[in-house]
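In what follows, a single structure is set out as structure tokens and then discussed.
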Ligand code: AMP
């Protein structure tokens, strides 16, 4: 069934849900919604591959809420629907969506995630509830303490199951599944259904229907992807600064490979005058929530984040994603760039790569099936020309190893290793500044200092790659 021929009205959803959708301004179901909702309403287990930003949250939340329209005969107060998510942020988002779409059904939803105080969660769990959204570790903790009655559970939903697998949550997920009523409906959503996810799905699901929404090549058609080859950290920082001051940037997420890098870079950007905050897993849940609220309200313009913390962020104002460091896993690239281009907007995803990173770039291109175009900005040219590539499947040319051409001594040598003839760049090499110096205030700065990272800029190493 194509989404063009489907409206929410002919999907057999309860009138109270249709009313909430109308209020949300949704007119047409997205393809994943058009395909998944009838299968779930028909009572099937489901495994669906869908990228974030495709409307997958409503694809499972709407039919789950439909279940609640019929009262349950049991006197138990436990949840009828359980949603497991890999991160706290995603749990918060699913919880918010369930509240929004379940407003007129009066669905009672509760979110139970790690990093939050137990007494509050104990209180929430002692009240009657319909939908429980949780991260696996904390949920299992409560289940093992006997705080949740799962006897009337009718539906289990695993959101971003591939991520739960990557993060090592599967043993917890399996234990949770074993403790739930066998007579339940199970839905599994994942960016990919390949490999281990397929095996796990076969264990957890019963004769599931499979939905694959977009072929990989069609992914993120509304996101322009660019690649900049960079010489060293100095070059990266200057390029980043140049991109961030661009008029077309509304809000941006800058991804780093480690929590520490996120803190340090956030601090540098803050000092350079950007409304910046860091977001990573070492922050308390309260601090993460405050940062996300500021991002949603536009008080934070540049979020410097790590993969896990940023997964699931759905803020429509994010026009740019910048991969300051390339992701370790190609799948994470897809999740990162999906933070922009939300709800049908256009987005731009920029990746920085050193020459040594170009095999990682190819891995990403092979995963997405899309070429990431190498781009050069006048005045920010890499000293070493971008390597010519023939697309996702090309191989290293003439058997050369990466970074073994004359003059280039690899990343650790940085600017000093290059002996090229570009005088502009030699001048840049001679200047040890990191690219944010121009607008760094002489004092400690003022305003919402806590938004920046937690490192001490006076003491920390400047070259933090
Ligand atoms: P998701 O893929 O679940 O993260 O959803 C991406 C965004 O699309 C969210 O901001 C949703 O509010 C929005 N959305 C989901 N379904 C629809 C729809 N049928 N029409 C318009 N917007 C939608």
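The values are calculated or read from the model by the stated rules, or taken from the named source; none is laboratory data. Worth saying up front: this structure is predicted, and the values here are computed from it rather than measured. Glycine gets a Cβ as well: all are built from the backbone with ideal geometry, and neighbour counts include every protein chain shown.
Evaluate the stretch 103-112: report whether one residue or more is in the same structural domain as residue 153 (by TED's automatic domain parsing), surrounded by fewer than 24 Cβ atoms within 10 Å (Cβ to Cβ), modelled with pLDDT under 95 and within 16 Å of the ligand (Cβ to nearest atom). So far as the stretch 103-112 goes, yes, one or more of its residues are in the same structural domain as residue 153 (by TED's automatic domain parsing), surrounded by fewer than 24 Cβ atoms within 10 Å (Cβ to Cβ), modelled with pLDDT under 95 and within 16 Å of the ligand (Cβ to nearest atom).
Among the residues of the stretch 337-351, what is the count of those that are more than 14 Å from the ligand (Cβ to nearest atom) and modelled with pLDDT under 90? Selection size over the stretch 337-351: 1. Selection over the stretch 13-26 of residues that are in contact (Cβ under 8 Å) with a residue 40 or more places away in the chain and either exposed (fewer than 13 other Cβ atoms within 10 Å of the Cβ) or under 13 Å from residue 58 (Cα atoms) (or both) gives a count of 6. At least 3 residues being over 26 Å from the mean Cα position of the chain (by Cα) is the threshold, and among the helices (runs of 4 or more DSSP H) wholly inside the stretch 24-129 those reaching it are 31-41, 56-68, 118-126.
Every condition in (1) within 12 Å of residue 160 (Cβ to Cβ); (2) touching a helix residue (DSSP H, G or I) at 6+ places or on another chain (Cβ under 7 Å); (3) within 13 Å of the ligand (Cβ to nearest atom) holds for residue 62 except the one numbered (1).
Within the stretch 67-74, can one find any residue that is touching a strand residue (DSSP E or B) at 6+ places or on another chain (Cβ under 9 Å), more than 12 Å from the ligand (Cβ to nearest atom) and within 30 Å of residue 288 (Cβ to Cβ)? Spell out how you get there, then give the answer.
Of the stretch 67-74, the ones touching a strand residue (DSSP E or B) at 6+ places or on another chain (Cβ under 9 Å) are 67-68.
Narrowing the set further to residues that are more than 12 Å from the ligand (Cβ to nearest atom) leaves 67-68.
Those left that are additionally within 30 Å of residue 288 (Cβ to Cβ): 68.
The answer is yes; a qualifying residue exists.
Between 43, 25, the distinction of being at positive phi, more than 16 Å from the ligand (Cβ to nearest atom) and out of contact with any helix residue (DSSP H, G or I) (no Cβ under 6 Å at 6 or more places or on another chain) belongs to 43 only. For the stretch 285-292, the criterion of a residue being within 16 Å of the ligand (Cβ to nearest atom) and more than 28 Å from residue 359 (Cα to Cα) is satisfied by at least one position.
Residues checked against (1) touching a helix residue (DSSP H, G or I) at 6+ places or on another chain (Cβ under 7 Å); (2) surrounded by fewer than 18 Cβ atoms within 10 Å (Cβ to Cβ); (3) outside the structural domain of residue 121 (by TED's automatic domain parsing); (4) modelled with pLDDT of 95 or more:
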site	(1), (2), (3), (4)
301	no, no, yes, yes
306	yes, no, yes, no
334	yes, no, yes, no
355	no, no, yes, no
358	no, no, yes, no
368	yes, no, yes, no
373	no, yes, yes, no
379	no, yes, yes, no
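For the stretch 268-286, the candidate set comprises residues that are surrounded by fewer than 18 Cβ atoms within 10 Å (Cβ to Cβ) and outside any loop (DSSP other than H, G, I, E, B); within that set, the residue that is modelled with the lowest pLDDT is 285.
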